[in-house]
Every structure is written in structure tokens, then in C-alpha cells.
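Undergrad: Attaching a single structure in C-alpha cells format; questions to follow.
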Amino acid sequence: MRPEKRALIVPLLISVIANVGIVLAQNATVNVDACPGYNVTNVFNIRNGLKADLVLAGKACNAYGKDYERLLLTVTYETDNRIHIKIVDPSNSRYEVPESVFPRPKSWDGNRDSPNINFRYTKSPF
């Protein structure tokens, strides 16, 4: 993909995500500011990133549907300029787009100590 096209996609995705967030907030049935959020636990390094559990930090408020007690966070550095962040319910199966449809880089040979994109997080609240 040419750099100028890439430059257009990122703001578009951010705009779509922001607009979805606004619509969700408008449709919330409870005050989302009172929702507990999640805490990060059991963090461990994997070959090109990290995995961690996200544990509901209090009573579920179910503002946008069912709050899950536990989620699995996986962060994978795919290239120097690309990371894959995945948050899933580990106790239920789900559909994922096959790699034949959306290919992902197979390995990362970059410097893990200084990629161009860094994933940083706060343990509580996540």
C-alpha cells in the first residue's frame, strides 16, 4: 500500500472508532463512568509480545451488553511498525477471519527493545 493511502486509512479508522464509541455511549443504559473496568493480572512475555488476563474490577454494570468476568489480552509485535492487540473471552469460541483472507506477518526480526510502536498499559484500571 502506498504511504499516502496508509495515511488516509489511520485517521478514517480512528474516526470510525470514535463515532462508534459516541453511539455506544449514547445508547448505554447505565452511567458508564460508574462501571468498574478491568484489572490486568498474570502478565507474561511471549516470543513477540505479551499475554495477560483482564479481570472485571467490580460488579458488572452491563452497559453495552454482558460484562465478562475474565478476558484474555494478547499483544503481538508483528513488524517494527505494527502490533496486533487482541482481547477475547477465553471460555467461548468465536469466528476469526482466516489468515488466507487477512494475512498476518509470520515473524518479527526487529529489535524488541525498541520497536517504532510501543504498547503501554495501566494495571488498574486497564
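The values are calculated or read from the model by the stated rules, or taken from the named source; none is laboratory data. For clarity, every value in this text was computed on a predicted model and none was experimentally measured. Methodologically, a virtual Cβ is constructed for each residue, glycine included, from the backbone with ideal geometry; neighbour enumeration extends over all protein chains shown. Protein only, heavy atoms only, side chains kept; ligands, DNA and RNA dropped before computing areas. Shrake-Rupley method; radii C 1.70, N 1.55, O 1.52, S 1.80 Å.
Undergrad: Between residue 96 and residue 84, what length comes free when the chain is fully extended (0.36 nm per residue of separation minus the Cα-Cα distance, one decimal in nm)?
TA: Full extension from residue 96 to residue 84 adds 3.0 nm.
Undergrad: Residue-wise, which Karplus ³J(HN,Hα) couplings in Hz belong to region 70-81, taking 6.51 cos²θ - 1.76 cosθ + 1.60, θ = phi - 60°, and x for glycine or proline?
TA: In residue order, the calculated couplings are 9, 10, 10, 9, 10, 10, 10, 7, 9, 8, 4, 10 Hz.
Undergrad: Check cross-link reach from residue 86 to the lysines: straight Cα distance under 23 Å, and skip same-chain residues fewer than eight apart.
TA: List returned: 51, 66, 106, 123.
Undergrad: Follow-up. Sorted from largest down, give the three principal axis spans of the alpha carbons of region 37-126, whole angstrom values.
TA: Its Cα atoms span 42, 30, 19 Å along the three principal axes.
Undergrad: Packing-wise, with mean Cβ within 10 Å as the measure, how do 84-94, 56-66, 32-42, 70-80 rank, highest first?
TA: My ranking of the peptides, most packed first, is 70-80, 32-42, 56-66, 84-94.
Undergrad: Which value, in Å², gives the accessible area per residue of region 26-69 when a 1.4 Å probe is used on the protein heavy atoms?
TA: 64 Å²
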